[in-house]
Every structure is written in structure tokens, then in C-alpha cells.
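Novice: Before anything else, here's the structure in question.
The values are calculated or read from the model by the stated rules, or taken from the named source; none is laboratory data. All values derive from a computational prediction rather than experimental measurement. Note that we place each Cβ from the backbone using ideal geometry, even for glycine, and neighbour counts take in every protein chain shown. With ligands, DNA and RNA removed, areas are computed over all heavy atoms of the protein, side chains included. Shrake-Rupley method; radii C 1.70, N 1.55, O 1.52, S 1.80 Å.
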Amino acid sequence: MKLVKSEYKQSEEKYSRFFSLSIDLLCIADFDGYFKYLNPVWAKTLGWSIQELVAKPFIEFIHPEDRELTIAVAQKVTRTVDAVSFENRYLCRDGSYKWLSWNATSFIEEKLIYAVARDITVNKQNEIALQKSIQELEAFRFALNAHSLVAITDRTGRITYVNDLFCQVSKYSSEELLGQDHRIINSGYHTKEFFANLWKTIAQGKIWKGEIQNKAKDGTFYWVDTLIAPMSGQDGKPYQYVSIRTDITQRKLSELALLERSRLSVLSAEVSLGTCNKIRYQSNWDNRDIPFG
């Protein structure tokens, strides 16, 4: 009998060593919500001593927003022998929280829960930051698509993407535009040198800005304030170009109307000045023989 007890004690000590050496957070908890046993990693991870952690119900260390979920999972674990996985946040001694990923199972006869947790705080923070970035990008894309004509071309200038507003203003469908180059909307207003300078700039990986007059499918003309940004690959050479345009047709029409009024005003003034000079000259000619008094 003593031999059996000695072997059991030795076996328990061996398992205890593995329990202590684990880099994961291992625990045994009662069905009443208290920890019975925790390995040293708990103290290292959360900052609390083992005595402090076992003195209170474990629910008190869980983030308020995660308590309802944790209680529901704990109740589920007590009713099944299958392992249950979940995540929650645990309070650290310094007031911060760490994300833990859990696998838990129970021994119903013993009324004990056996669980292993892993600190996933860094991964979770990266995941949250990524989700936030995606949301911000989606909001930016929505705002951009709502107010700008967006197109993407490959390095040869073939269109690979256009947004709805581009199609709406150009009056071409996306199917008609994809695979084409921007000559499809060339109005003929700008010189070859103008476009040669544009391509020279972006081919060097530089941003080009300027105003361009384009022609829609129905033959009407429209003006766009344009920014073309090269997207460079690992070799430093552009592999595609993103163009963002703002429709400025109304502004350009107003400017042209203002210039026309200004030109007409100058012309009118020149005509008036010429008429006055002619009248003055004629008056002087008519009065050439009148003696001075």
C-alpha cells in the first residue's frame, strides 16, 4: 500500500513539474467559480499573485463587457465533457487588460473545470488595429467614390478599374472602358506635348497634377482636375497608375464665360475709344478755319 502511495506521489510531482513549466496559463477551477490551482505563468502574465487570484471569484477579474459571455461559456462547460473554446479579457494588476484565448473542459463527477489559456493580446491588438484600418479605408473609399472619378491603369495605360462616377460623367459603361486606354475620352483639346510631359512625369514615379478636357461618349466635353499617382513595385518602377479626378466643368464654363465677357468689354472699350477719337478728329477738322477770339 505504501508503495502504491509513493508511486502516486511521484507521478503527481512529475505532472506538477509540467504544470509549472508550461508557457500557457493552466488552471483548475471549481464549479462555484473559484480557482483551485494556477500555474506560475498566471502571476507573470497578469501581475497578481496566485494567492490574490484564488481569493476571489474569477469573474471579478474579467472585463465587464466579457462577463456575460464568460458566464454562459462556464455554464456550458459544466454540462458537457467536450472542450469549449472562447476569448475574453483579464484584468492585470496595473489596471490594463490582456486578451486570453481559452480551451476548457470539465470533469462533471469532480465538479472541476480544467482549462488552458494563452495570452493573445498582441495578436488581438493587431487584429483590432487592422479592422479599424479597414473601416477607415472603406469610409475613405466611399467618400472618394462619391465625389471623385477614379480609374486605375496598368503600366501601359490600359484601364483596369473605373468607379461608378467615372462611368456616369464619361457616359461609358465599365465594360466599354476596361481594357481601353484614355484615348477613348481624348477631346483633342490638348497637344501631344501635353500628354508626353504627363507620361514622362508619372513614368519617373512622380505625381502629376493638372486640368484636362475630356470628351464623353455622347460628344459633350467635360473638364476634370486630375491627380495621377504611380504605384511602384519592389523594383522601384511603376506597375500601375491611380488617377483621381474632380469634375470642374461648371467652374471652367464660368471661367470661360468670364473671359468672354472680359474680352467683349475690352473690345467694346476699344471700339468706343476709336469712335471718340474719330469724332474728335472730325471736330478739329471742321473747326480748322474758325478764328480765335
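Novice: Roll a 1.4 Å probe over the protein heavy atoms and report the accessible area of Tyr37 in Å², nearest 10.
Specialist: The accessible area comes out at roughly 90 Å².
Novice: Just to verify a number: FRET efficiency for Thr191 and Phe142, C-beta to C-beta distance, R0 = 25 Å, to 0.05?
Specialist: Working from the Cβ atoms, E equals 0.10.
Novice: So, in nm, how far is label Tyr239 from label Tyr161 when the simple model puts each one 7 Å beyond its Cα toward the Cβ?
Specialist: Taking the simple label geometry, Tyr239 and Tyr161 are separated by 1.4 nm.
Novice: OK, next. Would you work out the Kirkwood radius for region 124-258? I mean one over the mean of 1/r across all pairs of different Cα atoms, in Å. The partial results should precede the final answer.
Specialist: Working: mean 1/r = 0.0617 Å⁻¹.
It is 16.2 Å.
Novice: Could I ask something else about it? Determine how large the accessible area of Ser173 is when every protein chain is in place; take a 1.4 Å probe and give Å² rounded to the nearest 10.
Specialist: The accessible area of Ser173 comes to roughly 40 Å².
Novice: Roughly how far apart, in whole Å, are the Cα centres of region 64-114 and region 32-60?
Specialist: Each part reduced to its Cα centre gives a spacing of 13 Å.
Novice: Follow-up question, since we're still on this one. When the Kirkwood radius is taken over all Cα pairs of region 59-110, what Stokes-Einstein diffusion coefficient follows at 4 °C and 1.567 mPa s, in µm²/s? If you can, show how the numbers build up before the last one.
Specialist: Values: Rh = 11.8 Å.
Diffusion coefficient, whole number: 110 µm²/s.
Novice: Taking all pairs of different Cα atoms in region 191-237, averaging 1/r and flipping that mean, what Kirkwood radius in angstroms comes out?
Specialist: Numbers: mean 1/r = 0.0822 Å⁻¹.
It works out to 12.2 Å.
Novice: Compute, for Glu255, the solvent-accessible surface of its heavy atoms (probe 1.4 Å) with the complete set of protein chains present, and express it in square angstrom to the nearest 10.
Specialist: 80
Novice: On average, how much area does the Cα convex hull of region 61-200 cover when viewed from any direction, in nm²? Don't jump to the answer; show the numbers that get you there.
Specialist: Working: hull surface 62.6 nm².
Spelled out: convex hull of the Cα atoms, projected over all directions, averaged, 15.6 nm².
Novice: Filter Lys132/Lys217; Lys192/Lys237; Lys36/Lys124; Lys132/Lys237; Lys111/Lys132; Lys132/Lys200 down to the pairs with a C-alpha to C-alpha distance above 32 Å, please. Can you show the working numbers first?
Specialist: On the way: Lys132/Lys217 40 Å; Lys192/Lys237 24 Å; Lys36/Lys124 28 Å; Lys132/Lys237 30 Å; Lys111/Lys132 42 Å; Lys132/Lys200 37 Å.
Correct reply: Lys132/Lys217; Lys111/Lys132; Lys132/Lys200.
Novice: Another question, then. Using r as the Cβ-Cβ distance of Thr201 and Gln125, and R0 as 41 Å, what FRET efficiency do you calculate, to the nearest 0.05? Mind dumping the intermediate values first?
Specialist: Details: r = 41 Å, r/R0 = 0.99.
It comes to 0.50.
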